[in-house]
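Input: a single structure, listed below in structure tokens.
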Amino acid sequence: MVEIKPSDLQNVSTHYEWNNDRELNYYDSEYPHKYESFESFLMRIKSVIDEKNQSEDLFEIHIAETGRLIGIVDIHGIDLHNQRCYVNCTIGDRNFTRKGKQGMDNFVRF
């Protein structure tokens, strides 16, 4: 089973690794991979999770039993007027990728 938790800046190094992983970026983003410095990435993440920011947010995916961080949930394009947004989920921990639905039955309830 997984838990979705608010983003924790203590995990920013892990997020940064995933952000600069070429293969993960290839499957996760519609933009070509471009290296980003840690300082730039940290500033961007801080602006996303700032409570004043009403157009995007970032959450983490953790294994409930162990607390292990395995991915992120990126919510962007939040439109409060029309009550809609875009949601992207990324499994960054390769130990939990390429499982398909059957491989994740013990982790996620649909």
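The values are calculated or read from the model by the stated rules, or taken from the named source; none is laboratory data. These figures come from a predicted structure and were not determined experimentally. A quick note on method: Cβ atoms are made from the backbone with ideal geometry, for glycine too, and the neighbour counts reach across all protein chains shown.
Which residues, taken from segment 32-81, are closer than 15 Å to Val12 by Cβ and of a type in the set (Lys, Arg)? The answer is Arg44, Lys46. Considering the conditions (1) under 16 Å from the mean Cα position of the chain (by Cα); (2) outside any strand (DSSP E or B); (3) of a type in the set (Lys, Arg), Lys5 is excluded by exactly one of them, (2).
Only residues that are among the hydroxyl-bearing types (Ser, Thr, Tyr) and in a loop (DSSP other than H, G, I, E, B) were counted across segment 20-44, and they come to 4.
Within segment 31-56, being in contact with a helix residue (DSSP H, G or I) (Cβ under 7 Å, 6 or more places away or on another chain) and either modelled with pLDDT under 95 or not aromatic (Phe, Trp, Tyr) (or both) holds for His33, Glu36, Phe41, Leu42, Ile45, Asn53, Glu56.
Each row is one residue, and each column tells you yes or no for (1) buried (at least 16 other Cβ atoms within 10 Å of the Cβ); (2) under 16 Å from Arg94 (Cα atoms); (3) touching a Ser or Thr at 6+ places or on another chain (Cβ under 7 Å).
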position	(1), (2), (3)
Asn25	yes, yes, no
Pro32	no, no, no
Lys46	no, no, no
Glu51	no, no, no
Gln54	no, no, no
Ile61	yes, yes, no
Arg68	no, yes, no
Ile72	yes, yes, yes
Gln83	no, no, no
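Whether any residue in segment 23-41 is on the phi < 0 side of the Ramachandran plot, touching a residue at least 24 places away in the same chain (Cβ under 8 Å) and acidic (Asp, Glu) is what I want to check. Yes, some residue in segment 23-41 is on the phi < 0 side of the Ramachandran plot, touching a residue at least 24 places away in the same chain (Cβ under 8 Å) and acidic (Asp, Glu).
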